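Read the structure below first, then the notes.
The values are calculated or read from the model by the stated rules, or taken from the named source; none is laboratory data. Because the structure is predicted, anything quoted here is derived from the model rather than measured. Glycine gets a Cβ as well: all are built from the backbone with ideal geometry, and neighbour counts include every protein chain shown. Ligands, DNA and RNA are stripped out before the accessible areas are found, and what is left, the full protein with its side chains, is counted by its heavy atoms. Shrake-Rupley method; radii C 1.70, N 1.55, O 1.52, S 1.80 Å.
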Amino acid sequence: MYQEEQRPDHGPLAGFTVGVTAARRADELGALLRRRGAAVLHAPALRIVPLADDGELLAATEDIVRRAPDVAVATTAIGFRGWVAAADGWGLGEDLLSRLGGVRILARGPKVKGAVRAAGLTEEWSPSSESMAEVLERLLEEGVDGLRIAVQLHGEPLPGFVESLREGGAEVVGVPVYRWMPPEDIAPVDRLLDAAVARALDAVTFTSAPAAASLLSRAEERGLLAELLAALGHDVLPACVGPVTALPLQARGIDTVQPERFRLGPLVQLLCRELPGRARSLPVAGHRVEIRGHAVLVDGDLRPVPPAGMSLLRALARRPGWVVARSDLLRALPGSGRDEHAVETAMARLRTALGTPKLIQTVVKRGYRLALDPAAETKYADG
C-alpha cells in the first residue's frame with residue numbers, strides 16, 4: 001500500500017523553513033540545518049560589540065589586578081579571549097594572568113575551558129552540561145559567604161546568577177567583555193518577522209536571551225507583537241538552546257522547546273524530531289501525503305510546492321475529503337483579489353507540483369476536495 005519510508009536523497013528537515021536569529025555561530029547553525037534539508041532564513045537580531053576600549057572593562061580588570069578574587073567564572077571562549085587581549089592592549093595582560101593563575105577558575109564548557117588553557121591557566125572544574133545553573137549550584141553548595149568572585153559577563157544579564165551569589169554572601173566583580181547591540185541592518189530582522197507572521201516559517205531558533213528579547217522588541221516597534229506571539233504560540237515553533245535563552249519568550253506566555261544538552265547540535269536534532277512530528281500526514285488516492293512547510297512528501301518523494309499551492313493544499317487538508325468551495329479557496333490565496341480564475345490557475349500549478357493529479361478531485365460547480373481514501377473518511381469526517 002503506502003510507501004512509508006523517506007527517500008534517502010533528502011534530510012529530515014526537507015520542506016521546512018527555519019529562522020536563525022543568532023549573530024555568533026550563525027554560519028555553523030545554518031550549515032547544520034541545511035545539511036538536514038532545511039531552508040534557512042538568517043536574520044541576526046543582535047550584533048556583538050567588543051569592549052576593548054570600554055572604561056567599565058578596564059576598571060574591572062584593574063580592580064582584579066589590585067586585589068585577586070577567590071574564584072573566577074569564565075562563561076564564553078570568545079569573551080575570555082577578548083578580555084585577555086584587551087588587558088594586553090592596556091599593558092595589564094601579564095598582571096591579569098598572574099592574578100588569575102592563583103585563582104580557582106570555573107569554566108562553563110569545553111570551548112571556554114580551551115580558551116582558559118590557551119591563556120596558560122588551568123580550570124578547577126567545568127560542567128559537562130555547559131549550564132550556568134550547574135555552575136551556580138556547585139558554588140552555592142560549597143558556600144560563597146565572604147568570597148570575592150569575578151564573573152565574566154557575556155552580554156546578557158545572567159538572570160539570577162549574580163543575585164544568588166550576592167545573597168549567599170559573596171562579593172561579585174562583574175567583567176563585561178562585550179555587549180549585545182541592535183543590528184546595523186534591521187531589514188533581515190523585518191523579513192524574518194514578516195515571514196513568521198505570514199506562517200512562512202516553520203520554526204525560529206534562539207541561541208541567546210538578548211536575541212529573543214530583541215526580536216520581540218522589534219515586533220512591538222512595528223505593531224506586530226500580537227501577531228508574532230500568535231504565530232509562535234501555534235504555527236511557528238520557537239526552539240531555544242536552553243532555559244535562560246527562553247526567558248524573554250516565556251515572560252510573554254510563549255512555550256518553547258529546548259534540547260537536554262544546551263548546544264547547537266542537540267538543538268538541530270530536536271528540530272529534526274519536532275517538525276516532522278507536526279506535519280499533517282494523510283492517505284490520499286492510494287498515496288501517503290505529508291504536508292510540510294513549503295513542500296509535500298508524496299510516498300516519501302519530496303515535492304516543492306509554490307506558496308499559493310501550499311495555501312490551497314492547507315485549506316483542503318483542514319477538512320480532508322470534504323468539498324471546499326472556490327470562494328473559500330480564493331480567500332485562502334494571499335493577495336488574490338476576487339477573480340476565482342486565480343484558484344484554477346493555482347490549483348493547476350499545485351497538481352503539477354504534486355506530480356499526481358488524482359490527489360485532488362474537481363467537483364463540478366462546487367469546488368475541490370482531497371481524494372481521501374475511503375477507509376480514512378470516517379476518521380477525518382470532523383476535520
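Key figures for this structure:
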| quantity | calculated |
| --- | --- |
| Search result, residues across the stretch 131-154 that are closer than 22 Å to Gly242 by Cβ, open to solvent by 30 Å² or more (accessible area, probe 1.4 Å) and either assigned to a loop (DSSP other than H, G, I, E, B) or not hydrophobic (A, V, I, L, M, F, W, C) (or both) | Glu134, Glu137, Arg138, Glu141 |
| Of all residues in the stretch 164-189 being open to solvent by 30 Å² or more (accessible area, probe 1.4 Å) and assigned to a helix (DSSP H, G or I), the one that is modelled with the lowest pLDDT | Ser164 |
| Residues of the stretch 10-61 that turn out to be assigned to a strand (DSSP E or B) and open to solvent by 10 Å² or more (accessible area, probe 1.4 Å), as a count | 9 |
| Any chance Ala353 is under 19 Å from Arg280 (Cα atoms), at pLDDT 90 or above and in contact with a Gly (Cβ under 6 Å, 6 or more places away or on another chain) | yes |
| All positions within the stretch 119-130 that are out of contact with any Phe, Trp or Tyr (no Cβ under 9 Å at 6 or more places or on another chain) and either modelled with pLDDT of 95 or more or over 17 Å from Gly242 (Cα atoms) (or both) | Gly120, Leu121, Thr122, Glu123, Glu124, Trp125, Ser126 |
| Any hit, the stretch 295-305, residues being farther than 24 Å from Asp373 by Cβ, open to solvent by less than 10 Å² (accessible area, probe 1.4 Å) and in contact with a Lys or Arg (Cβ under 8 Å, 6 or more places away or on another chain) | no |
| Residue in the stretch 201-210 that is aromatic (Phe, Trp, Tyr) and more than 23 Å from Val151 (Cα to Cα) present | yes |
| The stretch 98-128: number of residues that are surrounded by fewer than 16 Cβ atoms within 10 Å (Cβ to Cβ), not in a helix (DSSP H, G or I) and not β-branched (Val, Ile, Thr) | 5 |
| Any chance Val112 is within 30 Å of the chain's Cα centre (by Cα), under 26 Å from Arg263 (Cα atoms) and modelled with pLDDT of 95 or more | no |
| Scan of the stretch 190-206 for residues that are part of a helix (DSSP H, G or I) and of a type in the set (Asp, Glu), ordered by number | Asp190, Asp194 |
| Leu275 crowded, with 21+ Cβ neighbours inside 10 Å and either outside any loop (DSSP other than H, G, I, E, B) or at pLDDT below 90 (or both) | yes |
| Glu340 being open to solvent by 30 Å² or more (accessible area, probe 1.4 Å), more than 22 Å from Val298 (Cα to Cα) and modelled with pLDDT under 90 | yes |
| Residue list for the stretch 201-230, restricted to those being within 30 Å of Ala14 (Cβ to Cβ) and open to solvent by 60 Å² or more (accessible area, probe 1.4 Å) | Glu227 |
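Per-residue answers, yes or no, for (1) under 18 Å from Pro182 (Cα atoms); (2) over 11 Å from the mean Cα position of the chain (by Cα):
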position	(1), (2)
Leu201	no, yes
Thr205	yes, no
Ala212	yes, no
Leu215	yes, yes
Ala219	yes, yes
Leu228	no, yes
Ala239	no, no
Gly242	no, no
